[in-house]
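Q: Below is a structure I'd like to ask you about.
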Amino acid sequence: KLELALAELRLKEKDKSRILRSVAHDVMNPIASIMALTDILISESAEQSGEHREIYNLIKEACNNSLNLSRDILEAAIEIDHANMTKEWVDINKLVQKSVELLGFRAVAKKQRIIVEAHNNREILAFVNREKVWRVINNLLANAIKFSYNDADIIVDLKIVQGEKVLISVKDHGIGIPEKNKYHIFDMFTE
């Protein structure tokens, strides 16, 4: 009876994971389409009032947040499946530099400066899951830009510690995290 119950539980767990993946994936396509259309509206809104451009940017940010939530749901489904995480040798320095390049336009819009304190031409290899590390770096930078004031400096530091570990830090001078939320920032569905 216990073996039968365990088999049934595993089957339900797989079904739940499959449904989560399906829903998250199906939601991402229309959101990405709305985001692309919003980009067109933003590019054509030069002659419109600042209020319209601000609304378009809010739509785009809401889409971006929804895409991130969908990715989190997909990630949760993968963890439910106990899927193997693919790791490879990645040049962390290049990953950080690319992220800074891609998000730099957001900082420029707020007259912020992203200062990278890294070994610019030096390969810093780590055996990691590229996608997960990429998402962490992007989320840290995007939040630093979003929650920092105009004309602020955002400092990205990349270094090797204890001879074999890579430490990536993003320091901003923004509003900070409320004390009550600090202990929950790594909970899966905490904003």
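The values are calculated or read from the model by the stated rules, or taken from the named source; none is laboratory data. All values derive from a computational prediction rather than experimental measurement. Cβ placement follows ideal geometry from the backbone for every residue including glycine, while neighbour counts extend to all protein chains displayed. With ligands, DNA and RNA removed, areas are computed over all heavy atoms of the protein, side chains included. Shrake-Rupley method; radii C 1.70, N 1.55, O 1.52, S 1.80 Å.
Q: Looking only at the stretch 45-69, which residues are among the hydroxyl-bearing types (Ser, Thr, Tyr) and more than 23 Å from residue 22 (Cα to Cα)? Talk me through it step by step, then tell me what you get.
A: The initial filter retains those residues of the stretch 45-69 that are among the hydroxyl-bearing types (Ser, Thr, Tyr), namely 45, 49, 56, 66.
Listed by number, the residues that qualify are 45, 49, 56.
Q: Could you tell me whether the stretch 161-169 includes any residue that is under 21 Å from residue 105 (Cα atoms), in contact with an Asp or Glu (Cβ under 6 Å, 6 or more places away or on another chain), part of a strand (DSSP E or B) and in contact (Cβ under 8 Å) with a residue 40 or more places away in the chain?
A: Within the stretch 161-169 (the criterion being under 21 Å from residue 105 (Cα atoms), in contact with an Asp or Glu (Cβ under 6 Å, 6 or more places away or on another chain), part of a strand (DSSP E or B) and in contact (Cβ under 8 Å) with a residue 40 or more places away in the chain), the answer is no, since none of the residues qualifies.
Q: In the stretch 170-185, is there at least one residue being of a type in the set (Ser, Thr, Tyr) and open to solvent by 30 Å² or more (accessible area, probe 1.4 Å)? Spell out how you get there, then give the answer.
A: Step one: list which residues in the stretch 170-185 are of a type in the set (Ser, Thr, Tyr), which gives 183.
From what's left, open to solvent by 30 Å² or more (accessible area, probe 1.4 Å): 183.
Checked the stretch 170-185: at least one residue is of a type in the set (Ser, Thr, Tyr) and open to solvent by 30 Å² or more (accessible area, probe 1.4 Å).
Q: Within the stretch 136-157, is even one residue aliphatic (A, V, I, L, M), part of a loop (DSSP other than H, G, I, E, B) and loosely packed, with under 14 Cβ neighbours inside 10 Å? So that I can check it myself, show each step before the final result.
A: Just the residues of the stretch 136-157 that are aliphatic (A, V, I, L, M), to begin with: 136-137, 140-142, 144-145, 152, 154-156.
Right, trim to part of a loop (DSSP other than H, G, I, E, B) and you get 152.
Right, trim to loosely packed, with under 14 Cβ neighbours inside 10 Å and you get none.
Looking for residues that are aliphatic (A, V, I, L, M), part of a loop (DSSP other than H, G, I, E, B) and loosely packed, with under 14 Cβ neighbours inside 10 Å, one finds none in the stretch 136-157, hence no.
Q: Scan the stretch 3-19 and report the pairs whose first residue is within 17 Å of residue 73 (Cα to Cα) and whose second residue is at pLDDT below 75 and open to solvent by less than 100 Å² (accessible area, probe 1.4 Å), with Cβ atoms within less than 6 Å and a gap of 6+ or a chain change.
A: 17/77; 17/80; 17/81
Q: Which ones in the stretch 22-47 are touching a helix residue (DSSP H, G or I) at 6+ places or on another chain (Cβ under 8 Å), part of a helix (DSSP H, G or I) and without any contact (Cβ under 8 Å) to a residue 40 or more places away in the chain? Before you say what the answer is, go through the steps one by one.
A: If we filter the stretch 22-47 for residues that are touching a helix residue (DSSP H, G or I) at 6+ places or on another chain (Cβ under 8 Å), which is where we start, we get 23-25, 27-28, 31-32, 34-35, 38-39, 41-42, 45.
Then keep just the ones that are part of a helix (DSSP H, G or I); that gives 23-25, 27-28, 31-32, 34-35, 38-39, 41-42.
Result: 31, 32, 34, 35, 38, 39, 41, 42.
Q: Which of (1) open to solvent by 50 Å² or more (accessible area, probe 1.4 Å); (2) over 30 Å from residue 158 (Cβ atoms); (3) without any contact (Cβ under 8 Å) to a residue 40 or more places away in the chain; (4) more than 18 Å from the chain's Cα centre (by Cα) does residue 50 not meet, given it meets every other one?
A: The one condition residue 50 does not meet is (1).
Q: Taking the stretch 111-135, which residues are in a loop (DSSP other than H, G, I, E, B), surrounded by 14 or more Cβ atoms within 10 Å (Cβ to Cβ) and modelled with pLDDT of 90 or more?
A: 112
Q: Exactly one of (1) over 19 Å from residue 166 (Cα atoms); (2) of a type in the set (A, V, I, L, M, F, W, C); (3) modelled with pLDDT of 90 or more is unmet by residue 107. Its number?
A: Unmet condition: (3).
Q: Please name all residue pairs, on different chains or six or more residues apart, with Cβ atoms under 6 Å, provided the first residue is in the stretch 135-152 and is of a type outside the set (S, T, N, Q) and the second residue is surrounded by fewer than 14 Cβ atoms within 10 Å (Cβ to Cβ).
A: Hits for this filter: 147/175; 151/111.
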